[in-house]
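For reference, the structure discussed in these notes is given below.
The values are calculated or read from the model by the stated rules, or taken from the named source; none is laboratory data. Quick caveat, the model's predicted, so the values are computed rather than measured. Positions of Cβ are backbone-derived with ideal geometry, glycine not excepted, and every protein chain shown enters the neighbour counts. Just the protein is used for accessible areas: all its heavy atoms, side chains included, with ligands, DNA and RNA removed. Shrake-Rupley method; radii C 1.70, N 1.55, O 1.52, S 1.80 Å.
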Amino acid sequence: MAKFYRINNAITAPQVRLLSEAGEALGVVPTAEAKAKAQELGVDLVEIAAAAVPPVAKLINYKKLRYQEDRREREARKGTHKVEMKELWLGPLMGEHDLLTRTTRGKEFLGDGDHVKFTVRFSGREMNHKEFGYKVITQVKGLLADVAEVEKEAVFLGRQLSIQFKPKK
């Protein structure tokens, strides 16, 4: 969200602490004198710190100030990583190698800093043997113990048994 700045005639303080475009202090001057200097240089007088006593104003083109501010914001956002929830599906009767493949993929997601949800899906008569699903979940816990911690324990919802992991610190 853009910050609100008073510019030129909107500045009501009797005097301001003036900064040049490069950021060097020019001292405390009357606002009228600062406006005249801005007009002489062909730039805007922008109040950048209204809460200070006296307020801090800068001699700079207003559009340039906004551009610099937006660029700083974009750079700050670039370094952040949004945590996502990745879901991997398992079966209650799946083979050992298939399970290893899925947990390896889960480790990759956890390595990227994402959270992972493993879901065991039951179909048909498999619902009569929920213990197979819990056995698969226990195996997954064992395989991920070194890189992840359980965020949410195994829960049955409908025909699905789900457990969530988050990366270890």
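Here are the numbers for this structure:
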{"quantity": "Every residue from region 127-158 that is exposed (fewer than 13 other Cβ atoms within 10 Å of the Cβ) and in contact with a Ser or Thr (Cβ under 7 Å, 6 or more places away or on another chain)", "calculated": "155"}
{"quantity": "Failed item, numbered, when residue 60 is tested on (1) touching a helix residue (DSSP H, G or I) at 6+ places or on another chain (Cβ under 7 Å); (2) at negative phi", "calculated": "(1)"}
{"quantity": "Answer residue from region 159-169, given it is of a type in the set (Lys, Arg) and within 19 Å of residue 114 (Cα to Cα) and is least open to solvent (accessible area, probe 1.4 Å) among those", "calculated": "166"}
{"quantity": "Residue satisfying all of: in region 37-68; part of a helix (DSSP H, G or I) and open to solvent by less than 30 Å² (accessible area, probe 1.4 Å); nearest to residue 119 (Cα to Cα) among these", "calculated": "65"}
{"quantity": "Verdict on residue 113 being on the phi > 0 side of the Ramachandran plot and loosely packed, with under 14 Cβ neighbours inside 10 Å", "calculated": "yes"}
{"quantity": "Some residue of region 76-91 being in a loop (DSSP other than H, G, I, E, B), of a type in the set (S, T, N, Q) and without any contact (Cβ under 8 Å) to a residue 12 or more places away in the chain", "calculated": "yes"}
{"quantity": "Qualifying residue in region 2-16 (condition: aromatic (Phe, Trp, Tyr), without any contact (Cβ under 8 Å) to a residue 12 or more places away in the chain and either farther than 30 Å from residue 115 by Cα or exposed (fewer than 14 other Cβ atoms within 10 Å of the Cβ) (or both))", "calculated": "yes"}
{"quantity": "Within region 81-96, tally of residues that are of a type in the set (Gly, Ala, Ser) and surrounded by fewer than 12 Cβ atoms within 10 Å (Cβ to Cβ)", "calculated": "1"}
{"quantity": "In region 92-116, residue farthest from residue 136 (Cα to Cα) [restricted to those that are aliphatic (A, V, I, L, M) and in a helix (DSSP H, G or I)]", "calculated": "110"}
{"quantity": "Tally, over region 2-34, of residues that are at positive phi and not in a strand (DSSP E or B)", "calculated": "2"}
{"quantity": "Residue check for residue 119: touching a residue at least 40 places away in the same chain (Cβ under 8 Å), in a strand (DSSP E or B) and within 29 Å of residue 80 (Cα to Cα)", "calculated": "yes"}
